[in-house]
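Participant: Here it is, the structure, as structure tokens.
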Amino acid sequence: MEDALACAELGADAVGFVFYKKSPRYVTPEQAGTIAAALPDRVRPVGVFVNESLDAIIDIVTFFGIRAIQLHGSEPPGYVEKLLFLKVPIIKALYLNADPSVENAFLYNASSFLVECEKGILPGGNAMKWNWKDAVDFGEHFPFILAGGLTPDNVSDAIAASKPDAVDVSSGVEFSPGKKDIQKTRAFIQNVNKASLDKPLRSIFHESIE
């Protein structure tokens, strides 16, 4: 709760709730619901799921205040279609060097995409840096969130290189997995603002891509 409210106060546009039990950042739906209810309306609670059942996602979104879905596993395009009735933005994670690939983005009726290179053991960036410029071409066709290895020290360069609609950070602003370092978080958000994302953030929260 303390970390989420601090991030909101510092200017975060969204707060992620990881519902993947193997993650050190895992939270229960009940914990997420309590925290989400305390966030200001302008901060969007995003549920992060990895190959989760449709029924579980539907229940969590319906009953625990989640206002966007991030699918971070191997979910096929049809999986997204089955969640559209919830009328919340759906963000699909795609990879430059693995499947599901950025090359298949046109198959997904998602609101936007989270792009990273897929390194490490767990789904996600695993705090590993990569050549962010490789995402530029993707961003010319789809709204996307840049992720993977971002820190207060490099986020400005990453934005300049890849020109994303938004950025996603976790381990890059933590003391330890799941525990945010508020000073790092403040510096990260300040540097993002200074970098002046040149696309409207709202583009990542469209209900679907036509």
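Participant: Looking at the structure I just gave you, is residue 16 modelled with pLDDT under 95 and under 29 Å from residue 189 (Cα atoms)? Walk me through it before giving the result.
Facilitator: Details: modelled with pLDDT under 95: no; under 29 Å from residue 189 (Cα atoms): yes.
Taking the combined requirement at face value, the residue does not satisfy it.
Participant: Say we look at the range 45-54 and pick out the residues that are out of contact with any helix residue (DSSP H, G or I) (no Cβ under 7 Å at 6 or more places or on another chain) and under 21 Å from residue 170 (Cβ atoms); which of these is surrounded by the most Cβ atoms within 10 Å (Cβ to Cβ)?
Facilitator: Filtering first and then ranking leaves 48.
Participant: Then there is this: From the list 146, 150, which one is within 13 Å of the chain's Cα centre (by Cα), modelled with pLDDT of 90 or more and either surrounded by fewer than 17 Cβ atoms within 10 Å (Cβ to Cβ) or more than 24 Å from residue 88 (Cβ to Cβ) (or both)? Don't jump to the end; show me each part of the working.
Facilitator: Values: 146 fails: either surrounded by fewer than 17 Cβ atoms within 10 Å (Cβ to Cβ) or more than 24 Å from residue 88 (Cβ to Cβ) (or both).
Among 146, 150, only 150 is within 13 Å of the chain's Cα centre (by Cα), modelled with pLDDT of 90 or more and either surrounded by fewer than 17 Cβ atoms within 10 Å (Cβ to Cβ) or more than 24 Å from residue 88 (Cβ to Cβ) (or both).
Participant: Any residue that is surrounded by 20 or more Cβ atoms within 10 Å (Cβ to Cβ), touching a Phe, Trp or Tyr at 6+ places or on another chain (Cβ under 6 Å), free of Cβ contacts under 8 Å to residues at least 60 places away in the same chain and over 22 Å from residue 139 (Cβ atoms) - is there at least one of those in the range 55-62?
Facilitator: Filtering the range 55-62 for residues surrounded by 20 or more Cβ atoms within 10 Å (Cβ to Cβ) gives 57, 60-61.
With the extra rule that they be touching a Phe, Trp or Tyr at 6+ places or on another chain (Cβ under 6 Å), the set shrinks to 57.
Imposing the further condition that a residue be free of Cβ contacts under 8 Å to residues at least 60 places away in the same chain reduces the set to 57.
In the following step, the residues that additionally are over 22 Å from residue 139 (Cβ atoms) were identified as 57.
Yes, the range 55-62 has at least one match.
Participant: Of (1) within 27 Å of residue 190 (Cα to Cα); (2) among the aliphatic types (A, V, I, L, M); (3) in contact with a Cys (Cβ under 6 Å, 6 or more places away or on another chain), residue 96 satisfies all except one. Which?
Facilitator: So the condition that residue 96 fails would be (1).
Participant: Does the range 18-36 include one or more residues that are over 24 Å from residue 197 (Cβ atoms), surrounded by 20 or more Cβ atoms within 10 Å (Cβ to Cβ), touching a Phe, Trp or Tyr at 6+ places or on another chain (Cβ under 6 Å) and small (Gly, Ala, Ser)?
Facilitator: Yes.
Participant: Looking only at the range 110-134, filter to residues that are part of a helix (DSSP H, G or I) and either charged (D, E, K, R) or modelled with pLDDT of 95 or more (or both); which one of those is nearest to residue 52 (Cα to Cα)? Please lay out each step first, then the result.
Facilitator: Quick first cut of the range 110-134, residues part of a helix (DSSP H, G or I) only: 132-134.
Imposing the further condition that a residue be either charged (D, E, K, R) or modelled with pLDDT of 95 or more (or both) reduces the set to 133-134.
Details: 133: 31, 134: 29 Å.
Checked the range 110-134; the qualifying residue nearest to residue 52 (Cα to Cα) is 134.
Participant: Further, regarding this structure: In this structure, does residue 168 turn out to be crowded, with 16+ Cβ neighbours inside 10 Å and at pLDDT 90 or above?
Facilitator: So residue 168 fits the description; yes.
Participant: Next question. Please go through the range 156-186 and pick out each residue that is closer than 17 Å to residue 10 by Cβ and either among the charged types (D, E, K, R) or not in a helix (DSSP H, G or I) (or both).
Facilitator: Taking the range 156-186 as the starting set, the residues that turn out to be closer than 17 Å to residue 10 by Cβ are 156, 166-170, 172-175, 179-186.
Those that are closer than 17 Å to residue 10 by Cβ and either among the charged types (D, E, K, R) or not in a helix (DSSP H, G or I) (or both): 166, 167, 168, 169, 170, 174, 175, 179, 180, 181, 184, 186.
Participant: May I pose another question? So for the range 75-82 (the condition being of a type in the set (A, V, I, L, M, F, W, C) and in contact (Cβ under 8 Å) with a residue 40 or more places away in the chain), does at least one residue qualify? Lay out the reasoning, then the answer.
Facilitator: Residues of the range 75-82 that are of a type in the set (A, V, I, L, M, F, W, C), as a first pass: 80.
Next, from what is left, pick out any that are in contact (Cβ under 8 Å) with a residue 40 or more places away in the chain: none.
Checked the range 75-82: no residue is of a type in the set (A, V, I, L, M, F, W, C) and in contact (Cβ under 8 Å) with a residue 40 or more places away in the chain.
The values are calculated or read from the model by the stated rules, or taken from the named source; none is laboratory data. Just so we're clear, the structure is a prediction, and the values are computed from it rather than from any experiment. Note: ideal-geometry Cβ built from the backbone for every residue, glycine included; neighbour counts use all protein chains shown.
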